[in-house]
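Reading through the structure tokens given below for one structure.
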Amino acid sequence: MNIDVQQTPNPDTLKFVLGLELVQNGSIEFKSHSEAKEYPFVQKIFELGVELVFFGANFISVKKNKSLEWGKILEEIKNIIKNDFPKNFTAINIKKETSDNKDEIFKKIEEVLELKIRPAVAQDGGNIKLRSFIDGVAEVELQGSCAGCPSSTLTLKQGVERMLVHYVPEVKSVRAVSL
């Protein structure tokens, strides 16, 4: 298996690009060893001392603990992916939420995120999810390499907020939330 390791804007996160589809219709994030019980190779990555493992369409982002150095765990992560990644792995299919119960503004925000913002965020090894829209404030969750990234506040205000305000005039501001 060929693995292309890429830097992300977050110095504590690397993006491991694989030559196969990992997730359909979204992304999946593991924040602990126990959340990854269906994926033993992800659990092995957590055992190295990482804080987060994120699956995008064709990549895995790994966020290390600040006290760790990449030089000590990078080759181990690559070996785990090469040797322990399931040979019969099929892409995880994330079921899209039905939008019947969401209002039109929420749907417009989701559309802008999907078409204009998520592709750029995925390039950096992350994702952005709309959690709520109340009184002009869009609350979003940053995932993968974007979670805790030093430049995430700048990206959120100068990129995401400007884009959403431009395309969806009902949006007055954007705020990051974590779950």
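The values are calculated or read from the model by the stated rules, or taken from the named source; none is laboratory data. Predicted, not measured: the structure shown is a model, and the values here were computed from it. Heads up, the Cβs are rebuilt from the backbone with ideal geometry, glycines too, and the neighbour counts pull from every protein chain shown. Please note that ligands, DNA and RNA were not included when accessible areas were found on the heavy atoms of the full protein model with its side chains. Shrake-Rupley method; radii C 1.70, N 1.55, O 1.52, S 1.80 Å.
The length gained by stretching the chain between residue 89 and residue 103 to full extension, at 0.36 nm per residue less their Cα-Cα distance, is 1.4 nm.
Identify which of 90, 155, 13 has the largest mean-square fluctuation in a Gaussian network model of the chain, with springs joining Cα atoms closer than 10 Å. Per the Cα network of the chain with a 10 Å cutoff, 90 tops the list.
Remark on residue 175: its backbone amide H falls under 5 Å from those of 138, 139, 140, a criterion applied only to residues 5 or more positions apart or on other chains, H modelled at 1.01 Å from N.
Got a number for carbon plus sulfur as a percent of the range 9-77's accessible area, 1.4 Å probe?
Working: 1560 of 3100 Å².
The nonpolar share, carbon plus sulfur, comes to 50 percent.
A simple spin-label model places the labels of residue 172 and residue 82 5.5 nm from each other, with each point 7 Å out along Cα-to-Cβ. Taking all protein chains into account, the per residue accessible area for the chain stands at 54 Å² (1.4 Å probe).
By the helix-only formula, in which each DSSP H run with n ≥ 4 contributes -39500 (n - 2.57) and the sum is divided by residues, the chain has a 222 nm mean residue ellipticity of -6500 deg cm²/dmol. Go through the range 1-71 and name the GluC sites (Glu not before Pro) that are in a DSSP coil and have 13 or fewer other Cβ atoms within 10 Å of their Cβ. Answer by residue number: 21, 38, 47, 69. Note on residue 165: accessible area approximately 60 square angstrom, rounded to 10, probe 1.4 Å, nucleic acids and ligands left out.
For the pair residue 115 and residue 21 in one chain, pulling the backbone fully straight at 0.36 nm per residue adds 31.9 nm over the alpha carbon distance. Helix 70-84 and the longest principal axis of the C-alpha atoms of the chain enclose an angle of approximately 80°.
Projected label points at residue 137 and residue 3, each 7 Å from Cα along the beta carbon direction, are separated by 4.1 nanometres. Counting Lys and Arg as +1 and Asp and Glu as -1, what is the net charge of the other residues whose Cβ lies under 9 Å from the Cβ of residue 16? That sum, taken over residues with Cβ under 9 Å, equals +1.
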